[in-house]
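A quick write-up on the structure given underneath.
The values are calculated or read from the model by the stated rules, or taken from the named source; none is laboratory data. This structure is a prediction, so every number in the text was calculated from the model and none was measured. Note: ideal-geometry Cβ built from the backbone for every residue, glycine included; neighbour counts use all protein chains shown.
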Amino acid sequence: MTDGPEPTAVSCAKALAAFVENGKALLDLAEKESGEVSRQEFIRQKIRIENRQSLLGLIEAGAALYSSLSVKRKKDAEDLWRKYNHCAALRDAVRDFEQLEVQWDAFLQRQDDELQLSAKLLDGDHQAKRISPDTPLVDARTGQTVTLQKYLGRSKKTLLVLIRQFSCLLCRLHIKDLEKNQRSLDAASVQVVVVSFGCQEGASHWLQDTVCQYDMLLDPDRKMYADFGLGASLKKVLNFGNMLLYAEYVADNMEFPRGLPSIQDDMFQLGGDFVLDEHGTVLFSHRCQSPIDRPLVVDVLNSLAEIS
């Protein structure tokens with residue numbers, strides 16, 4: 001919690017009720033807009049971080065809720081609600097909050113179903129157990145066509161980090177975590193290569209923005225994403241629980257990166273981490289179930305140590 005005075009039961013109820021009202025308004029607008037245009041246009045034009053009236057507006061609403069409650073975490077907010085459970089108004093607000101969560105996630109699931117995105121999320125058993133060394137890719141820095149073979153056969157293992165989109169904050173934090181643990185990765189003979197499906201202009205901006213020193217490859221046709229069984233999903237990215245977790249980053253004064261207006265990105269693509277041996281055989285596989293779901297470096301290294 002923050003250092004401010006603890007809110008009363010009545011102020012908790014008012015803050016939560018205001019959040020629910022805001023969330024319902026955002027959901028109602030999304031329901032309306034999704035019925036007025038094609039699903040693809042709704043996703044491209046109506047769900048944008050700079051549009052406070054889009055579904056992404058729930059992130060700022062969540063951060064405002066935490067601020068009203070003098071907390072920075074959803075868990076701390078829930079602790080307050082339990083503490084003041086004797087307050088009827090707060091109990092009603094919590095019930096409405098839980099109902100909003102059900103309605104929010106149901107709406108996203110309908111969008112996935114309409115776009116048949118769920119069908120694109122391949123079963124783990126169908127993932128490629130080996131990636132072809134001849135997989136064509138593009139060097140993000142030079143624009144030259146390369147193959148995966150360039151990174152194989154060096155007596156090293158290759159950790160491919162497939163990012164979601166150039167403006168994904170969680171992907172950037174994951175890369176920073178890898179960089180902080182570079183010595184441990186070097187000790188395990190693991191080289192890191194970042195992979196994106198985006199364009200070279202976006203990659204150049206991303207590399208400059210992040211000051212990332214890892215090699216970066218582009219997979220514009222998302223062939224590698226498909227080989228690893230990575231799909232796209234509105235629900236897995238924008239579900240109610242995730243939105244309140246994203247709000248925690250805002251409460252910590254972290255800003256979500258803004259995409260370039262000239263670049264079409266895909267915020268609903270899911271990412272993953274995969275370690276290949278010298279021949280392209282997959283030694284470690286982590287298919288992210290949400291933007292927040294990235295493996296810890298220690299878990300990757302422990303998994304590789306068990307194989308050795």
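No other residue among Val161, Val138 is in contact with a Gly (Cβ under 9 Å, 6 or more places away or on another chain), at pLDDT 90 or above and either among the charged types (D, E, K, R) or closer than 15 Å to Leu217 by Cβ (or both) apart from Val161. One residue alone among Leu55, Leu16, Leu27 is outside any helix (DSSP H, G or I) and either under 28 Å from Gln289 (Cβ atoms) or hydrophobic (A, V, I, L, M, F, W, C) (or both), and that residue is Leu55.
Conditions (1) at pLDDT 95 or above; (2) within 24 Å of Ile59 (Cβ to Cβ); (3) over 15 Å from the mean Cα position of the chain (by Cα), marked per residue:
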| position | (1), (2), (3) |
| --- | --- |
| Val194 | yes, no, yes |
| Gly198 | no, yes, yes |
| Gly229 | no, no, yes |
| Phe240 | yes, yes, no |
| Asp252 | no, yes, yes |
| Pro257 | no, yes, no |
| Ile263 | no, yes, yes |
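Note on the range 53-76: residues that are more than 9 Å from Ala251 (Cα to Cα) and either buried (at least 17 other Cβ atoms within 10 Å of the Cβ) or among the polar types (S, T, N, Q) (or both) total 13.
Residue pairs whose Cβ atoms lie under 6 Å apart, sitting 6 or more positions apart in sequence or on different chains, and linking a residue in the range 49-73 that is touching a residue at least 60 places away in the same chain (Cβ under 8 Å) to a partner that is surrounded by 19 or more Cβ atoms within 10 Å (Cβ to Cβ) and hydroxyl-bearing (Ser, Thr, Tyr), are Ile59/Tyr246; Lys72/Tyr66. Within the range 88-117, restricting attention to residues that are closer than 16 Å to Phe19 by Cα and acidic (Asp, Glu), the residue that is surrounded by the fewest Cβ atoms within 10 Å (Cβ to Cβ) is Glu98. At least 3 residues being touching a residue at least 12 places away in the same chain (Cβ under 8 Å) and under 20 Å from Arg130 (Cα atoms) is the threshold, and among the helices (runs of 4 or more DSSP H) wholly inside the range 198-308 those reaching it are 223-227, 297-307. Condition check for Asn85 on (1) under 19 Å from the mean Cα position of the chain (by Cα); (2) loosely packed, with under 14 Cβ neighbours inside 10 Å: one failure, at (1).
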